[in-house]
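Following: one structure in structure tokens, then a few remarks.
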Amino acid sequence: MTPNPFLRIHAAQHDGEPDLTLNRSIAEMRLKTEAHVGTWGLDRASWAADLELGTIIFTNKKGLKITAPVQVIGTFNTKDSTWLWGWDHPSVSEPLAAHARLAHDFGEKYRLERYTTRKIVSTETEAWNFTALACHLAGAQGGYRGPAGTTLVFMTFGEVSISKA
């Protein structure tokens with residue numbers, strides 16, 4: 001796996017531990033995503049999140065409904081390439097920001113400003129990396145990026161329940 005340039009830049013002053021965890025989380029996210037794609041078609045399913053209930057529902061073309069608890073890690077604005085963390089997002093309730101707070105705490109521990117600064121200029125790839133870290137730290141089952149107009153909502157989800165739609 002090619003090292004992520006964002007991770008190298010921001011963890012350079014440390015003993016290597018942040019890089020190890022970040023790289024492990026990215027690899028883990030890839031494996032989890034592949035499993036969900038193969039099992040129930042995550043890549044082709046439609047989605048809807050109910051942030052009041054804290055759930056995400058995927059519906060696939062085979063007539064299956066996949067439901068899971070959801071957390072919001074942050075949002076990526078495609079117009080200005082900014083990332084806004086879920087741990088201090090005006091549209092994210094405190095209970096749905098728990099996984100984002102884990103990433104914030106990781107950033108505090110290793111003095112990584114990108115994890116502790118509320119809003120930053122970013123890339124979509126880095127937004128995925130943030131989501132992968134939160135997923136890893138929380139022991140979540142996967143991550144998802146849902147479009148909402150010009151904003152991409154990055155989420156983690158917990159154990160899935162599969163039923164007929």
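The values are calculated or read from the model by the stated rules, or taken from the named source; none is laboratory data. For clarity, every value in this text was computed on a predicted model and none was experimentally measured. Here the Cβ is made from the backbone with ideal geometry for all residues, glycine too, and neighbour counts use every protein chain on show.
Assorted remarks:
- Residue in segment 4-11 that is surrounded by fewer than 19 Cβ atoms within 10 Å (Cβ to Cβ), under 17 Å from the mean Cα position of the chain (by Cα) and modelled with pLDDT of 95 or more present: no
- Residue in segment 126-147 that is part of a loop (DSSP other than H, G, I, E, B), touching a residue at least 40 places away in the same chain (Cβ under 8 Å), touching a helix residue (DSSP H, G or I) at 6+ places or on another chain (Cβ under 9 Å) and within 18 Å of residue 60 (Cβ to Cβ) present: yes
- Segment 51-92 - residue that is modelled with pLDDT of 95 or more and of a type in the set (D, E, K, R) and, of those, farthest from residue 164 (Cα to Cα): 80
- Residues that are buried (at least 16 other Cβ atoms within 10 Å of the Cβ) and closer than 14 Å to residue 142 by Cβ, drawn from segment 42-54: 42, 45, 47, 49
- Test: residue in segment 72-90 that is surrounded by fewer than 16 Cβ atoms within 10 Å (Cβ to Cβ) and in contact with a helix residue (DSSP H, G or I) (Cβ under 7 Å, 6 or more places away or on another chain): no
- Extreme residue, farthest from residue 87 (Cα to Cα), among residues of segment 135-152 that are buried (at least 24 other Cβ atoms within 10 Å of the Cβ) and in contact with a Gly (Cβ under 8 Å, 6 or more places away or on another chain): 140
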